[in-house]
């Protein structure tokens, strides 16, 4: 296929993405190159278009122009579920779990997805032992075993956030997009969350949106700065820290270290 | 004293026995005569319900849903006859005087509900007969259940022709009302004697309305070859707004609307004609409601409305005038029942009930087969004229009556408003009746 | 172990009761029981959409009607068609209709889904009325005989006999209900519940929501079709008012609701209670609907989890369950 | 003027009159829906009940204008009562446009309850409300004549429409209401007593239905089945016009009125299929309705 010309070490590439809400341009000529196995942070002030970029990459919005390549394949215009099956996961800025279901049932859904059990009408789910074992193992891994049967909606915020992240990770995606995983957390919880992310994303490619610069600088291998829908700069954390343009546009505006 | 005490029991016994024999004798000799009771005490809502060993009659009608008023009226009419008969002691059947007990069953005008209600009537309440019903789709269920459980079903208000055709006929079902075919033939014959030639058919969009429209076209072709049907529209049941239909009628230049509508559609149609400033008359079975006239602003509206029915209160017979008088005495000041003359269906159905119970009385038994044998070919002098039960399809043969509305009329509510003409036109049975359906002997 | 034993006892009692019913009950009561069972299955099939997938349908009766008309039309036109395939035809007709409509229906959810299903069922109503030379209009089709079944060892079973038909119908209905229950317990069943709670997340987990919805719709329609098919045979007729009338789509909804939303068994209870209520009121048909509506209002106001809550209230698990229910239906918007 | 033009204009005005009546009912329906997310199935029953109350007031006083004034107020009072006593009781923590099943079921119950109560009180026979004599004649216009009462309905609906637009678009109250319809959660955050606004909108909606009911009384007879068709038509208006959109409700009401009138003229018997077909088509591709804006 002629669209497999993207370098193999790039898991995700975007070429000239443009997106509009009505007349307003929210993404302008986005060029992203995500290296396989790296953690790539996207930072930028509120309204910079970060979440829109996520929505465009994951197929929720179709870009007005430009192309997206995932694992070297042109996936522009693919639906989210298809992308998810190809190995692209995401978590949400606002908790988006199955609030009426127990923590166990939540995770089990992701485990089913991981094991590609989609249209199975012929077996009792409870009798598929391997799924139950795997789910329970995952629950222990993320430290929610005690809340196994509690409805997700009744979890404490920190634990709910943890479940949110785990739902994305339990599917075992090759590339995962994390939308502010530590949003609204206390210092201590943030610290735990960073550890969890580090553990769960071992060896995977990650794109992460985060306001908390401590999180960003402790996790990210590379950073892209987004401003008014445009990419201001891309580089290693130290490069970004020293980039004058970024400082002017973004870092100077807020007290970086304390941004929630 | 002692001797008296000694003979008292046997004497009492003998006396009682004599009394019993006498009462039996009287009972056997006594037969009910229509319109004997004191009707001033008759209130359909507070009917005396006899219990014990009674003749059980199931009344299959809608008592809930949109047509509930049809059920209430039937209950009132059947109650009238039952009240009359019960106050005369009841009917002598199988050697015993029995009173009549009416058991209501609600159809909600839905076949399914009707079927269940009928099963309850037949299997649980163990009725001897059942009577009904509004809606031909319900009557079909009645036919089937009558055949299945071998109970006599008296159909006095479902008019569709096909109910008694070869496919749907069974020997347990009797129909005393007319059919859409008979009504249409009566009307068409009447129109052949009038100069009206441009007709507009405006009926309800379901089987009864469509049947009537089709029958009317056929009958007009037969009796009034020069007639022209300038338009034909079927409107939904319980229509809200007749105005667009009437504008269409107006544009067609019709002289007369022919409509199968019953209340509330018939009322709405008349009111809409009034509102639209039209005066076009309507012909059909239900355009004679005496309450209508008072609510029309233009006093010319409704004049010339032509009503066809198997009974009309302005039919001049001795029996009918007596009936009219009794009925009018009872209801002229009644605020709840605003019908003060037994107009078309009201009087007709009462007559049909009398006929049915008369047949039972003459049969002297509740045995289904004996009643059927007696009723087939039976003739009965009802209020307006002779009724004969045709053997081939169990359809009552009767004269039809046509009347136009005039003003002033003594048959109106006020005595000088809109109402029937002085006397109805009688159209003999041999003109209106269609022959036995194909496939039935 | 003890709970297992209790469960088996309950099942044995229910099955024994159903088996003994024709010997104990009169024909009329038997018919009421069977009618209730049919509507329970219909309500269960709606519940599959409502409680498990979060799709509110105002037109579920069209699948019921498709089953009924499918069966009757084949039965009256092809003589000698055996009984069991007839019910298959009913299910197939309903599934066919669902397949036809699913490309449109799966695109929407929430109120739009409700309105769209209502629109389709109204179109079907009008069409059935218009095609009266085929469907019999509002007179419907009636008076056909149910074909007999010949079973190799037992011989020919005459289905015109109420008892025989009862055993036949109740086994089909029971089997269908069990299959539906099984369906909700499969991996796909858990995805179904996921779609109710959060369709977006289900998508991002890699499940195709439209495809899943289409499958659920077909399954639900299929069982509604089975119910409709048996209903037509049981009533010996099919008519527009009976299967497509204004309340035909609402009454299973009300049944689900009275029984208890979010549960599998609820609709069965709801249908039963509705039937009992109407039977109790049979002497006063004018007031029956009024009483029914008052009961409905009272349940909404005072027992929002449905009648099944009464059982749960007595149960020790009550607290956890209530929280669960509250979560599902009070605190969150469940339908988007 | 030639006959065809007269016919076309007459049908157009017929459609307008019914459309206006429908708009009065559907506007309240869509406002309540937009604001509280409640599909108030009992709404059309309030319309029917208003006609009966008007009939009763007419029977006591004989004055149509009194009925037109009082009956809608009585209905609005009932509506407010229903909102405060029943709906408020079951509406916990919930705002917004989510499909709320409990409220839906409650309104289904109330719908049946109203219909049965009406049957118990007034019976199932149709009742007639007579328009005042001044409105019963014909009025000449454009070289033809047209029933005065239908013109009165159009006029009444127009003036209420204008009044409604003034209240909703020019007053502070209107701003609050529109804000609450748009985004109830945000409005709460602004410190506005949204429950009170809810009650107001509910009262307003039922009042509009009440006015329509009284106005419809003399046009149609009053019978318990009056609510059914109106309910179905209101559904269509709300679904097609966009949930919560007044503008959409107005346009679709007019469209529906005209379709009914011209449907009778040109394709009788098929307007239902056409209408619902159109509705299905629109909902498939624009689930929010033609004029609905919000996601």
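Values quoted throughout were computed directly from the atomic coordinates according to the rules given, and no laboratory measurement underlies them. Here the structure is a predicted model, which is why all the values come from computation and not from measurement. Using ideal geometry, Cβ is built from the backbone for each residue, glycine included, and neighbour counts are taken over all protein chains shown.
The mean number of partner chain beta-carbon atoms within 10 angstrom of a residue's beta-carbon across peptide D:38-44 is 1. In percent, rounded to a whole number, the relative contact order of region C:2-245 is 38, using alpha-carbon pairs under 8 Å and six or more apart. Helix A:157-170 and the longest principal axis of the Cα set of chain A meet at an angle near 90°. Sorting the segments C:306-312, B:225-231, B:431-437 by their residues' average number of neighbouring beta-carbon atoms within 10 angstrom, most packed first, yields C:306-312, B:431-437, B:225-231. How far is helix D:271-285 tilted off the main Cα axis of chain D, in degrees rounded to 10, range 0 to 90? So the helix axis and the longest Cα principal axis differ by about 30 degrees. Only residues of region D:197-232 count here: report those whose backbone N is under 19 Å from the spot 7 Å along Cα→Cβ of residue D:88, or say none. Residues D:197-207 fall inside that zone.
Can you put B:313, B:203 in order of Cβ neighbours within 10 angstrom, beginning with the fewest?
Values: B:313 30, B:203 25.
If I rank by nearby Cβ atoms, fewest first, I get B:203, B:313.
Separation of region C:165-225 from region D:1-79 is 43 Å, based on Cα centroids. Taking every DSSP beta bridge that has both ends in the protein assembly as shown, the antiparallel portion is near 50%. Compute the relative contact order of region B:301-441 as a whole-number percentage, counting only Cα pairs closer than 8 Å that sit 6 or more residues apart in sequence. It rounds to 27 percent for region B:301-441. With both labels modelled 7 Å from their Cα along Cα-to-Cβ, the residue B:167 to residue B:255 distance reads 3.8 nm.
A simple spin-label model places the labels of residue C:200 and residue A:38 2.9 nm from each other, with each point 7 Å out along Cα-to-Cβ. The simple spin-label model puts a point 7 Å past each Cα toward its Cβ; for residue A:248 and residue B:234 those points are separated by 8.0 nm. Per-residue ellipticity at 222 nm, computed for the protein assembly as shown from helices alone with -39500 (n - 2.57) per DSSP H run of at least four residues, works out to -17000 deg cm²/dmol. Under the rule a/c < 1.5 gives rounded, and otherwise a/b versus b/c splits prolate from oblate, where does region C:2-245 land using the Cα gyration tensor? Judged from the Cα gyration tensor, region C:2-245 comes out oblate (a/c at least 1.5, b/c at or above a/b).
Going by the alpha-carbon gyration tensor, a ≥ b ≥ c the square roots of its eigenvalues, is region D:3-285 rounded (a/c under 1.5) or, if a/c is not under 1.5, prolate (a/b greater than b/c) versus oblate?
On the way: a/c = 1.63, a/b = 1.34, b/c = 1.21.
Prolate shape, in that a/c is at least 1.5 and a/b is the bigger ratio.
Relative contact order, whole percent, for chain B stands at 13, derived from Cα pairs under 8 Å and 6 or more residues apart.
Straightening the chain between residue B:376 and residue B:46 buys 115.3 nm, computed as 0.36 nm per residue apart minus the Cα-Cα spacing.
Once the Cβ-Cβ distance between residue A:187 and residue C:179 is put in as r, and R0 is 56 Å, what FRET efficiency do you end up with, to the nearest 0.05? According to the calculation, E is roughly 0.55. The distance separating the Cα centre of region A:59-118 from that of region B:150-178 comes to 66 Å. Anisotropy class assigned to region A:1-115 is oblate, per the alpha carbon gyration tensor with a/c at or over the 1.5 cut-off and a/b no larger than b/c.
Between residue B:150 and residue D:167, the FRET efficiency estimated from the beta carbon spacing at R0 = 51 angstrom works out to 0.15. Peptide B:315-324 has a mean of 0 when you count, residue by residue, the C-beta atoms of other protein chains within 10 Å of its C-beta.
Please list B:48-59, A:39-50 highest first by mean number of surrounding beta-carbon atoms within 10 Å per residue. Working shown, then result.
On the way: B:48-59: 16.5, A:39-50: 21.2.
Put in order of decreasing packing, that is A:39-50, B:48-59.
Report the calculated FRET efficiency for residue A:230 and residue D:63 (r = Cβ-Cβ distance, R0 = 60 Å), to the nearest 0.05.
On the way: r = 71 Å, r/R0 = 1.19.
The value I calculate is 0.25.
By the count of other C-beta atoms within 10 Å, a proxy for reagent exposure, B:355, B:375 are ordered fewest to most as B:375, B:355. For chain B, the antiparallel share of DSSP beta bridges with both residues in that region comes to about 35%. Sorting C:218, C:256 by the number of Cβ atoms found within 10 Å of their own Cβ, with the fewest placed first, yields C:218, C:256. Sorting the segments A:231-242, B:277-288 by their mean number of nearby beta carbons within 10 angstrom, highest to lowest, gives B:277-288, A:231-242. Rounded to the nearest 10 degrees, the angle from helix B:68-87 to the longest Cα principal axis of chain B is 40 degrees. Spatially, region B:244-291 and region B:73-98 are offset by 39 Å when compared through their Cα centroids.
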